[in-house]
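A quick write-up on the structure given underneath.
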Amino acid sequence: MKDQKNIPLEGASCAVKDMGGQAVMEGVMMRSGNATAVTVRRPDGTMVTKRTPFVAPKDKHPWMGKPFIRGIVNMATMLYFGMNTLESSTQMLGILDEEPTKFEKWLAKKLGKGVDKIVMAVAIVLAVFLSIGLFMAIPAGVESLLKSAGMGPLGYTLLGGLVKILILVGYMVAVAFVPDVRRTFQYHGAEHKSVHCFESNLELNPKNAQTFSRLHPRCGTAFLLIVFSISILLFLVLNILVPIDNYFLRVLFHLAMLPIVAGVSYEVLMGLAHSDSKLAHILRWPGLQMQRLTTREPDESMLECAIVSVNVVLYGLPKHAEKTPEGWAILRDYHESEKDYVPPVKEEEEEDKVPA
């Protein structure tokens with residue numbers, strides 16, 4: 001795969017850095033250089049897209065771009081912007097304009113205009129506690145039980161790590177049965193295929209994008225698997241050097257080591273993603289296979305949303321497009337987002353040009 005990092009692209013608003021993004025509800029977000037773009041498909045078939053300037057933390061504070069530190073910063077940035085993007089995509093779909101339920105009206109009355117932010121904050125807190133419970137508390141409990149049963153550090157660390165990975169796989173398999181999540185996984189596949197097509201310097205259209213794999217070496221799913229694998233190796237060394245008997249201290253220890261694990265894992269992910277060596281192909285294979293759980297084959301309409309996001313993040317919002325009151329562009333065809341697109345002349349305008 002060709003590396004597009006920091007390559008100037010003709011007509012683009014900035015130098016192209018690693019193109020990446022995420023699937024959202026009925027759409028795709030793309031980020032590259034100094035902007036992000038979100039495109040969603042509304043129930044009426046139109047696509048609504050927005051472009052937001054983005055300044056990477058390392059551009060404000062160069063020390064945040066240093067090796068290992070950038071992995072920790074990237075993880076925090078992904079969590080923050082990921083939740084904001086999901087909220088934005090929901091607003092762009094227009095589903096928040098529906099008549100609120102009695103409970104929603106009561107909640108808005110009690111909490112005021114900031115109800116959406118409060119609900120989102122509660123959701124984030126609950127998600128964090130759920131993650132700690134599933135991926136730290138349960139594996140740490142397994143390790144403590146095995147340790148108390150007389151198993152050595154090698155055995156209980158590897159088995160605790162295996163439990164962590166099995167929980168992750170089980171969670172991904174379970175949520176895929178939810179129809180809305182399954183569609184989001186299809187948009188995830190559309191994101192990867194469009195990025196592959198862009199990085200291969202082919203014309204960006206649904207036909208070309210569909211020929212590519214829905215698996216991508218820089219995917220966050222692969223990052224999760226690397227995080228878990230690095231954590232197993234790191235905790236193995238630490239469990240040998242500093243064995244911890246108390247269960248709660250073990251959970252806190254896992255939590256405290258998360259930034260270090262994230263920093264190391266990010267460097268490993270980037271190194272594997274940008275290498276064409278045989279060893280790199282072998283090491284990134286498990287992460288690619290894990291993506292089969294979080295991606296599905298997209299249809300053409302989903303690829304169009306992803307392509308629009310790529311074009312908009314590179315070239316800006318189409319100037320000719322109709323705008324919503326919020327300033328989002330409304331598109332009826334993905335071609336409208338292309339750099340050289342020329343709107344068709346309306347019939348009445350053509351009649352005005354005909355001499356009397």
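No value in this document is a laboratory result; all are computed from the given coordinates. Predicted model, so just to flag it, every value in this text is computed and none were measured. For neighbour counting, all protein chains shown are included, and Cβ atoms are generated from backbone atoms with ideal geometry for every residue, glycine included.
Would you compute the Debye intensity of the range 241-285 from its alpha-carbon atoms alone, equal scatterers and no solvent, and pass along log10 I(q)/I(0) at q = 0.20, 0.23, 0.29 Å⁻¹ to two decimals? Normalising to I(0) and taking log10 leaves -0.70, -0.76, -0.96. Highest-first packing order for the peptide set 216-227, 331-342, 39-50 is 216-227, 39-50, 331-342, based on the mean count of other beta carbon atoms within 10 Å. Modelled spin labels at Met151 and Asp59, positioned 7 Å past Cα toward Cβ, are 4.8 nm from each other. Listed cross-link partners Lys193/Lys339; Lys193/Lys278; Lys58/Lys193 are compared with a 25 Å cut-off, the Cα-Cα value being larger for Lys58/Lys193.
Stretching the chain fully between Phe177 and Ser275 yields a gain of 31.8 nm (0.36 nm per residue, less the alpha carbon separation).
With all distinct Cα pairs included, what does the Kirkwood hydrodynamic radius of the range 170-294 come out to in Å, to one decimal, could you say? Could you put the intermediate results ahead of the total?
Numbers: mean 1/r = 0.0601 Å⁻¹.
By the Kirkwood definition, the hydrodynamic radius is 16.6 Å.
Residues Ser32, Ser309, arranged from fewest to most other Cβ atoms within 10 angstrom of their Cβ, appear as Ser32, Ser309. Using the average count of surrounding beta-carbon atoms within 10 Å as a protection proxy, the listed peptides 261-270, 248-257 rank, highest first, as 261-270, 248-257.
Between Thr211 and Gln289, the distance separating the two model label sites (each 7 Å from Cα on the Cα→Cβ line) works out to 2.8 nm.
Would you kindly state how much longer the chain becomes between Lys323 and Glu300 on full extension, computed as 0.36 nm times their sequence separation minus their alpha carbon distance, in nm to one decimal? Kindly include the intermediate steps, with their values, before the conclusion.
Details: separation 23, 0.36 × 23 = 8.28 nm, distance 2.41 nm.
Working it through step by step, the gained length comes to 5.9 nm.
The fraction of all Cα pairs in the range 64-299 landing in successive 10 Å bins from 0 to the largest distance is 7, 24, 32, 23, 12, 3, 0, given as whole percents. Given their separation in residues at 0.36 nm each and the Cα-Cα distance between them, Lys66 and Glu267 gain 71.3 nm when the chain is fully extended. On a per residue basis, the convex hull of the C-alpha atoms belonging to the range 127-166 measures out at 47 Å³.
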